[in-house]
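Asks: Below you'll find the structure I mean.
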């Protein structure tokens, strides 16, 4: 039987960072007087100086480390530092670079992990997976841990670059096609379902699809996006894998990552892959496009710098990224003509 963990506390509100000490007292009292290793990225402490001052004033003992690149080797080095340096917890402050490094280091060192994201660009904010650069300078996913505590400060999130928020919406949207692929794999490939994980993932995407807010530029919108991303992350923790949130849509994204240096946020590429996957699955994609238009999110691949050649080649290579992952790609005849046609549809309708 698969064991899973859930965060002890989750706060999504204004000045959430100001409530760290209160939450430690209530949920992790053993850390009230503990020693923290704080992982962040260059310049962030200066950019968020007022918030950082409030945050660090609540930690009796800490050391700050800057993460230049979220590499596997560096994350392991940090884990050694935590274990040998007498640190009681790891706190990540930043985006994916800092948070993925922090949660993997905490996982390896076996200490609690507190996450304070500065953007909501993907469901990694609360997932049991760390995406780190490994051999060949390519990204790989490593088993990790979800945060023991999560503080999402809407004051900070509302200042994040818009494209990163768009990416967060795109990453949640992919649950729509990932769940179809998971059901398909359970029915035809002998994979094991998990109805509760499925429910959480479906709720994450449905909460956005059917919301009247239709913006992430308000406190209400940030809360909705944050809660959806957290639900997605928890669904993966419960399932014991990324199945609830990652299907053919993500295989396309990972293929593009391996083949090209495109510099697009993960969630934007995943959203593009979601429309392609939806077409392959024979399901109506127009409601998804209407949803994206309502948010003002452009996923026309040409507008995002993904050429026809890149698009077609990535889809043809996608099944090779994770050969054990059964998706709609295993049932389709994959041809250049098919993906050229999908590219044309996306140029015309996105």
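No value in this document is a laboratory result; all are computed from the given coordinates. A quick note: this is a predicted structure, and the numbers were derived from the prediction, not measured. A quick note on method: Cβ atoms are made from the backbone with ideal geometry, for glycine too, and the neighbour counts reach across all protein chains shown.
Asks: Per 0.36 nm of contour for each residue apart, how much would the distance between residue 76 and residue 258 grow if the chain were fully extended, relative to their Cα-Cα spacing? Numbers along the way, then the final one.
Replies: Numbers: separation 182, 0.36 × 182 = 65.52 nm, distance 2.30 nm.
Length gained between residue 76 and residue 258: 63.2 nm.
Asks: Take the Cα of residue 218, step 7 Å along the line toward its Cβ, and report every residue of the range 269-297 whose backbone nitrogen sits under 20 Å from that point.
Replies: Hits in the range 269-297 for residue 218 at 20 Å: 291-297.
Asks: Okay, next question. Once the Cα atoms of helix 266-280 and of the chain are each reduced to a long axis, what angle between those two axes, in degrees from 0 to 90 to the nearest 10, is obtained?
Replies: Here the helix axis deviates by roughly 30 degrees.
Asks: Counting only helical runs of four or more DSSP H residues, what would the 222 nm mean residue ellipticity of the chain come to if each run contributes -39,500 (n - 2.57) and the total is spread over all its residues? Mind showing how you got there, number by number?
Replies: Numbers: 15 runs with 177 residues, N = 350.
The helix contribution divided over the chain gives -15500 deg cm²/dmol.
Asks: If we count other beta carbons within 10 Å of each Cβ, what is the order of 51, 338, fewest first? Don't skip to the end; give the middle numbers.
Replies: Details: 51 21, 338 17.
So the ranking, lowest neighbour count to highest, is 338, 51.
Asks: Nearest 10 degrees, 0 to 90: what angle lies between the long axis of helix 308-321 and the longest principal axis of the chain (Cα atoms)?
Replies: Helix 308-321 sits roughly 70 degrees off the main axis of the chain.
Asks: Report the Cα centroid-to-centroid distance between the range 188-267 and the range 114-166 in angstrom, as an integer.
Replies: Each part's Cα centre sits 13 Å from the other's.
Asks: Listing 332, 278, 350 from the residue with the fewest other Cβ atoms within 10 Å to the one with the most, what is the order? Please list the in-between numbers first.
Replies: Working: 332 15, 278 25, 350 20.
Placing the least packed residue first, the sequence is 332, 350, 278.
Asks: What's the exposure ranking of 78, 269, going from fewest to most Cβ atoms within 10 Å?
Replies: Details: 78 24, 269 28.
Final ranking by Cβ density, sparse to dense: 78, 269.
Asks: What is the angle, in °, between the Cα long axis of helix 248-259 and the longest principal axis of the Cα atoms in the chain? Nearest 10 is fine, range 0 to 90.
Replies: 80
Asks: Same structure again: Pull out the extension gain between residue 323 and residue 134, defined as 0.36 nm times the separation in residues minus the alpha carbon to alpha carbon distance; nm, one decimal. Mind showing how you got there, number by number?
Replies: Working: separation 189, 0.36 × 189 = 68.04 nm, distance 1.92 nm.
Difference between extended and current length: 66.1 nm.
Asks: In the chain, what % of DSSP beta bridges are antiparallel (nearest 5)? Show your work: numbers first, answer last.
Replies: Details: 5 of 28 bridges.
The antiparallel proportion sits near 20 percent.
Asks: Tell me, what is the FRET efficiency for residue 27 and residue 333 to the nearest 0.05, using R0 = 51 angstrom and their Cβ-Cβ distance as r? Could you put the intermediate results ahead of the total?
Replies: Numbers: r = 52 Å, r/R0 = 1.03.
Plugging the Cβ-Cβ distance into 1/(1 + (r/R0)^6) gives 0.45.
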